[in-house]
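Reading through the structure tokens given below for one structure.
The values are calculated or read from the model by the stated rules, or taken from the named source; none is laboratory data. Predicted model only: the values in this text are computed from it and were never measured. Positions of Cβ are backbone-derived with ideal geometry, glycine not excepted, and every protein chain shown enters the neighbour counts.
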Amino acid sequence: MALAAPVDDAVADLQRDWEVIRYQTAAAEREKRFEALAAKAHKVSESFPGRSEPLVWEGIIVSSYAGEKGGLGALGLVKQAKALYEAAIQIDGNALEGSAYNSLGVLYYKVPGWPMAFGDKAKASELLQKALSINPKGIDPNFFYGEYLIETRQAEKAAAYLERALQAPPRPGRQVADTGRREEARQLLDKIKEK
């Protein structure tokens, strides 16, 4: 069996740290922990120039930090995450099963539109569908497209994608994230059923 490349190990460490903060850390501690992890992720990106995987994970961590920070203070972080995803796509948009398209799509539907930020529901849809075309059975592209459909008042279409997220094959070494994401999908499905 071949040894994993150093970049793969570094990215796996970032993934594991992110999962622990996102799903197993008290809400009051998450902002500071994501801030520290973003600095670590930046060092990983700098250590592996020309690789898209660290850029994707730096973007995910920076956007998670922005989500915890909230408000106007988060806008600079969101723009930074956007630039990281775009750089990753320039190098290899298919890396990590199209995660950069998926994560960039999420930003486009979660952030405000012009003049405050760059939010754009049509662009979000295009990017999320691109991610789905690369990884049609994946938990994240199905979950986030389902969430997008709910956010854009298309709940009747969302259930099928959320069900697919629940049925998605487990990702090796990503049990914490898979369990957390499935729980989020169940919560959104319950919300749809309540309406």
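Values as computed for the structure displayed
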read-out	value
Residue in region 120-165 that is farthest from Lys82 (Cα to Cα), counting only those that are aliphatic (A, V, I, L, M) and exposed (fewer than 14 other Cβ atoms within 10 Å of the Cβ)	Ala160
Cβ-Cβ under 8 Å pairs, at least 6 apart or on other chains, region 116-132 side modelled with pLDDT of 95 or more, far side surrounded by fewer than 18 Cβ atoms within 10 Å (Cβ to Cβ) and hydrophobic (A, V, I, L, M, F, W, C)	none
Hits in region 103-147 (condition: out of contact with any Asp or Glu (no Cβ under 7 Å at 6 or more places or on another chain) and outside any helix (DSSP H, G or I))	Val111, Pro112, Trp114, Pro115, Met116, Ala117, Phe118, Gly119, Asp120, Pro136, Lys137
Hey, Ala100 within 20 Å of Ala38 (Cβ to Cβ), outside any helix (DSSP H, G or I), in contact (Cβ under 8 Å) with a residue 40 or more places away in the chain and not hydroxyl-bearing (Ser, Thr, Tyr) or not	no
Subset of region 54-82 that is among the charged types (D, E, K, R) and either out of contact with any Phe, Trp or Tyr (no Cβ under 8 Å at 6 or more places or on another chain) or not assigned by TED's automatic domain parsing to the domain that holds Val106 (or both) - its residue that is modelled with the lowest pLDDT	Lys69
Long-range neighbours under 9 Å by Cβ, at least six apart or interchain, first residue in the same structural domain as Asn142 (by TED's automatic domain parsing) and over 17 Å from Asn135 (Cβ atoms) within region 165-183, second of a type in the set (S, T, N, Q) and loosely packed, with under 15 Cβ neighbours inside 10 Å	Val176/Gln24; Gly180/Gln24
Pairs where the first residue, in region 40-53, is assigned by TED's automatic domain parsing to the domain that holds Ile91 and the second is surrounded by 20 or more Cβ atoms within 10 Å (Cβ to Cβ) and assigned to a loop (DSSP other than H, G, I, E, B), C-beta under 9 Å, 6+ apart	Ser45/Arg51; Ser52/Gly93
